[in-house]
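The values are calculated or read from the model by the stated rules, or taken from the named source; none is laboratory data. Keep in mind the model is a prediction, meaning the values are calculated, not measured. Note that we place each Cβ from the backbone using ideal geometry, even for glycine, and neighbour counts take in every protein chain shown. Please note that ligands, DNA and RNA were not included when accessible areas were found on the heavy atoms of the full protein model with its side chains. Shrake-Rupley method; radii C 1.70, N 1.55, O 1.52, S 1.80 Å.
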Amino acid sequence: QVQLVESGGGLVQPGGSLRLSCAASGSIFSIGTMGWFRQATEKGRELVATITSGGSPNYADSVKGRFTISRDNAKNTVYLQMNSLKPEDTAVYYCWAVTNMNYWGQGTQVTVSS
């Protein structure tokens with residue numbers, strides 16, 4: 001079993017920045033790729049960014065050049081640095097990790113509004 005706890009969401013003005021963190025605990029030795037998904041109101045959950053255990057990132061086209069995913073394996077933590085935020089980035093952001101199963105965090109709200 002893996003537990004994921006997110007932090008760092010909040011309210012920010014357009015053009016601002018936020019940094020999300022996700023700390024993993026439990027059977028962390030078995031974790032492979034980790035990442036972030038988001039779900040806006042009345043929309044489906046969509047991939048934002050993923051990062052392999054070796055540090056290779058992958059981004060959705062909508063966030064390329066604005067978001068950066070990183071990972072500290074010593075701290076069992078994955079981060080999402082979000083810059084140049086737009087109102088359309090407003091969503092609940094979920095941390096995700098995969099072993100032989102998918103694990104999800106509880107979600108953290110990000111609201112981009114003036």
Task: Extreme residue, nearest to Tyr94 (Cα to Cα), among residues of segment 6-17 that are within 11 Å of the chain's Cα centre (by Cα) and not hydroxyl-bearing (Ser, Thr, Tyr) - done: Glu6
Task: Options Tyr103, Tyr94; residue that is surrounded by 15 or more Cβ atoms within 10 Å (Cβ to Cβ), in contact with a Phe, Trp or Tyr (Cβ under 8 Å, 6 or more places away or on another chain) and more than 26 Å from Pro14 (Cβ to Cβ) - done: Tyr103
Task: Matching residues in segment 98-108 - criterion: being over 10 Å from the mean Cα position of the chain (by Cα) and within 12 Å of Ala24 (Cβ to Cβ) - done: Val98, Thr99, Tyr103, Trp104
TODO: Test each condition in (1) in a loop (DSSP other than H, G, I, E, B); (2) surrounded by 13 or more Cβ atoms within 10 Å (Cβ to Cβ) for Val5 and report the one that comes out false.
DONE: (1)
- [ ] State all residues of segment 39-81 that are touching a Phe, Trp or Tyr at 6+ places or on another chain (Cβ under 6 Å) and either among the hydroxyl-bearing types (Ser, Thr, Tyr) or free of Cβ contacts under 8 Å to residues at least 12 places away in the same chain (or both); if no residue qualifies, say none.
- [x] Ser70
Task: Selection within segment 21-38 - surrounded by fewer than 16 Cβ atoms within 10 Å (Cβ to Cβ) and touching a residue at least 60 places away in the same chain (Cβ under 8 Å) - done: Ser27, Ser30, Gly32
Task: Every residue from segment 97-110 that is over 15 Å from Gln3 (Cβ atoms) and out of contact with any Asp or Glu (no Cβ under 9 Å at 6 or more places or on another chain) - done: Asn100, Gln109
TODO: Just name the residue that is surrounded by the most Cβ atoms within 10 Å (Cβ to Cβ) out of those in segment 44-91 that are acidic (Asp, Glu) and more than 20 Å from Val5 (Cβ to Cβ).
DONE: Asp89
- [ ] Could you please find all residues in segment 27-59 being of a type in the set (S, T, N, Q), at pLDDT 95 or above and under 13 Å from Ala91 (Cβ atoms)?
- [x] Gln39
Task: Criterion violated by Thr41 - all others in (1) under 18 Å from Leu18 (Cβ atoms); (2) open to solvent by 60 Å² or more (accessible area, probe 1.4 Å) satisfied - done: (1)
